[in-house]
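Encoded as structure tokens, the structure appears first; notes follow it.
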Amino acid sequence: MKVILAKPRGFCAGVVRAIEIVERALDKYGPPVYVRHEIVHNKWVVDALKARGARFVEDLSEVPANAITIFSAHGVAKKVEAEAKERDLRVLNATCPLVSKVHAQGRHYIRTGRTVVLIGHAGHPEVEGTVGQIPGPVRLVETEEDVEMLDLPNDTPIAYVTQTTLSVDDTRGVIDALYRRFSDVVGPGTKDICYATQNRQTALLELTKLVDVIFVVGAKNSSNSNRLCEIGIETGTPTHLIANGSEIKPEWLRDVEVVGITAGASAPEIMVRDVINALRQVAPIEVSTLPGQDEHIEFRVPIDLLDVSGTKNNISKDSSLEHSPSSEAVCG
């Protein structure tokens, strides 16, 4: 059996930075440190950080006074920042800089008197944080049909921003619908969709031309991993979202000669290796990597953590830790 790995795959710069912030905080201040929401959407990463002393909470009321508190890569609303300040929590902000850019754009559009439309998925932490960062009403749309249902006059000055982890093609359709519906529209195009999302989608499309089945390594609550899964299916290639090798079903490999593997932006390379090892239990395999875009972007950690180096068991650098992979449900 041939196994072809997509390039790029796995951790993006925003995820590396977020995980590294937790690691450095643990090294500098000692456990526990408190993280609001999953630092990134990957259970293996979360469990590995828990093993080092990170405690994950959904509400700041669960954080003791004066505790080190970290906001996840998805970002938080202004009211969460205000609550942390009122309680004198020592905050380290791990919001991805590309998400912060969307927040800034939304605030700019409000200041210019426009109605902001956010293209994204209801209930996603990034969307909730973005809505809460913009000081004015934000209309959320997910589909072209949602655009038609907006209760706004057609001459309303509109500005749109996007969730960073959406499909470029899906977002372009919604943007086109906004331009068809409204006479005065401004926005950044698909530039809000992060470089890592675009690169992984492009690599996946190249993979679909060469393989019989694709495994997307990632979590079921990871937006970008789900988009990869959906894009693969749309090409007609059987595509399955799996957390690790234990979730591969034998029938998915029936009559398969070439397997493609990619990973969402919050999935560690150790989980890709776990999938490869699972395939080795089925048949002898030959592994190769598809040529693709090199990524050299790095985001700096907060200034308070710049004096910490050489963190132990560095998950952000994808070291192979002695940590058991956790099973997680699949996308269709």
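Numbers for the structure displayed
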read-out: Difference of contour (0.36 nm per residue) and Cα-Cα distance, Lys85 to Ala65; value: 6.1 nm
read-out: Heavy-atom accessible area order for Glu126, Glu86, Glu144, largest first, 1.4 Å probe; value: Glu86, Glu144, Glu126
read-out: Computed label-point distance, nm, for sites Lys78 and Lys209 using a 7 Å Cα→Cβ extension; value: 4.7
read-out: Long-range HN-HN contacts of Thr162 with modeled amide H, under 5 Å; value: Ile119
read-out: Karplus 3J(HN,Hα) series, Hz, for region 284-300 with 6.51 cos²θ - 1.76 cosθ + 1.60 (x for Gly, Pro); value: x, 10, 10, 9, 9, 10, 5, x, x, 5, 6, 10, 10, 6, 10, 10, 6
read-out: Nitroxide proxy distance, nm - points 7 Å out along Cα→Cβ at Thr112 and Leu152; value: 1.3
read-out: Most mobile listed residue (Leu228, Leu241, Leu178) in the chain, GNM with C-alpha springs under 10 Å; value: Leu178
read-out: Helix-only mean residue ellipticity at 222 nm for the chain, each DSSP H run of n ≥ 4 adding -39500 (n - 2.57), per residue, nearest 500; value: -11000 deg cm²/dmol
read-out: Sequence-distant residues sharing a close amide H with Phe56 (under 5 Å, placed H); value: Val35
read-out: Contour minus Cα-Cα distance for Ala104 and Asp304 (0.36 nm per residue); value: 69.7 nm
read-out: Karplus (6.51, -1.76, 1.60) ³J(HN,Hα), θ = phi - 60°, over region 73-87, in Hz, Gly and Pro reported as x; value: 4, 6, x, 9, 6, 4, 5, 5, 4, 5, 5, 4, 5, 4, 8
read-out: Lys50 paired with Glu145, simple spin-label distance in nm, labels 7 Å along Cα-to-beta-carbon; value: 3.7
read-out: Nearest-20 debye value, the chain charge dipole, Cβ charges on Lys, Arg, Asp, Glu; value: 800
read-out: Normalised convex hull volume, region 192-300, alpha-carbon set, Å³ per residue; value: 114
read-out: Sparse-neighbour loop sites [GluC sites (Glu not before Pro); region 197-264; at most 12 other C-beta within 10 Å; DSSP]; value: Glu257
read-out: Interchain or long-range residues, amide H under 5 Å from Leu241's placed H; value: Val216, Cys331
read-out: In region 43-133, trypsin sites (Lys or Arg not before Pro) in a DSSP loop with at most 16 other beta-carbon atoms within 10 Å; value: Arg87
read-out: Accessible solvent surface per residue of the chain, calculated while the other protein chains remain in place, 1.4 angstrom probe, Å²; value: 44
read-out: Of all accessible heavy-atom area on the chain, the percent that carbon and sulfur account for (1.4 Å); value: 48
read-out: Phi to ³J(HN,Hα) by Karplus 6.51 cos²θ - 1.76 cosθ + 1.60 over region 132-148, Hz, x for Gly, Pro; value: x, 9, 9, x, x, x, 10, 9, 9, 10, 10, 9, 5, 5, 4, 4, 5
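The values are calculated or read from the model by the stated rules, or taken from the named source; none is laboratory data. Just so we're clear, the structure is a prediction, and the values are computed from it rather than from any experiment. Positions of Cβ are generated from backbone atoms using ideal geometry, with glycine treated the same way; all protein chains shown enter the neighbour counts. Just the protein is used for accessible areas: all its heavy atoms, side chains included, with ligands, DNA and RNA removed. Shrake-Rupley method; radii C 1.70, N 1.55, O 1.52, S 1.80 Å.
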